[in-house]
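Working notes, structure below.
The values are calculated or read from the model by the stated rules, or taken from the named source; none is laboratory data. Model, not experiment: these values are computed from the prediction. Glycine gets a Cβ as well: all are built from the backbone with ideal geometry, and neighbour counts include every protein chain shown. Ligands, DNA and RNA are stripped out before the accessible areas are found, and what is left, the full protein with its side chains, is counted by its heavy atoms. Shrake-Rupley method; radii C 1.70, N 1.55, O 1.52, S 1.80 Å.
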Amino acid sequence: YMSRTFSIIKPDATRRNLTGAINAVIEAAGLRIVAQRRIKLTQAQAETFYGVHSERSFFGELVAQMTSEPVVVQVLEADNAVPKYREVMGATNPENAAEGTIRKLFALNVGENSVHGSDSDENAALEIAQFFAEEEIVG
Ligand code: CMP
């Protein structure tokens with residue numbers, strides 16, 4: 001079934017001018033970029049987005065990292081978009097990421113891992129709604 005996932009190209013990647021290179025991997029894998037915007041996350045936006053991790057030891061570092069430079073927020077569409085994009089991203093820690101994945105190709109470490117992708121259809125819908133109005137998503 002056609003579905004959507006939410007993606008963030010993170011500051012470590014935008015800083016190194018990798019937006020286009022990452023989008024090329026996304027598109028080559030058959031995911032369609034149906035909405036996209038470059039923004040600077042506020043502290044509040046980052047804390048809300050990563051609220052599920054608020055008790056983790058790395059939360060402060062994560063929010064600081066995500067607000068340090070611009071990000072590119074995206075909606076991706078494909079058959080089974082959530083698992084497909086997780087496969088294209090590779091493991092959270094780039095040391096464990098498979099060859100050819102975005103994190104293997106570009107990530108620096110587990111905190112600066114170049115991209116975020118939703119982990120379920122339910123979270124994808126919530127994450128998309130935090131950043132995009134339905135009329136901004138053009139499939
Ligand atoms: P992401 O998919 O954006 O979701 C939560 C993020 O927390 C994750 O990617 C990592 O970038 C980050 N993260 C996970 N574990 C650690 C860690 N041990 N130290 C710093 N950041 C982490």
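See the values below:
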| quantity | calculated |
| --- | --- |
| Straight-distance crosslink candidates among lysines, where the alpha carbon sits under 23 Å from Lys84 and sequence neighbours closer than 8 are dropped | Lys10, Lys104 |
| Within the accessible area of the stretch 1-104 (1.4 Å probe), percent carbon and sulfur | 47 percent |
| Computed magnitude of the charge dipole of the chain (debye, nearest 20; Cβ of K, R +1, Cβ of D, E -1) | 420 debye |
| Hypothetical label at Ala125: residues of the stretch 5-36 whose amide nitrogen lies under 16 Å (7 Å Cα-Cβ projection) | 5-6 |
| Under-5 Å amide H pairs with Ser3, H placed in peptide plane, nonlocal only | Ala78, Asp79, Asn80, Ala81 |
| Heavy-atom accessible area ranking, 1.4 Å probe, most first, across Phe131, Phe58 | Phe58, Phe131 |
| Around Ala78: net Lys/Arg minus Asp/Glu count, Cβ-Cβ under 14 Å | -1 |
| Under DSSP loop assignment and at most 11 Cβ neighbours within 10 Å, longest GluC sites (Glu not before Pro)-free interval of the chain | 1-54 |
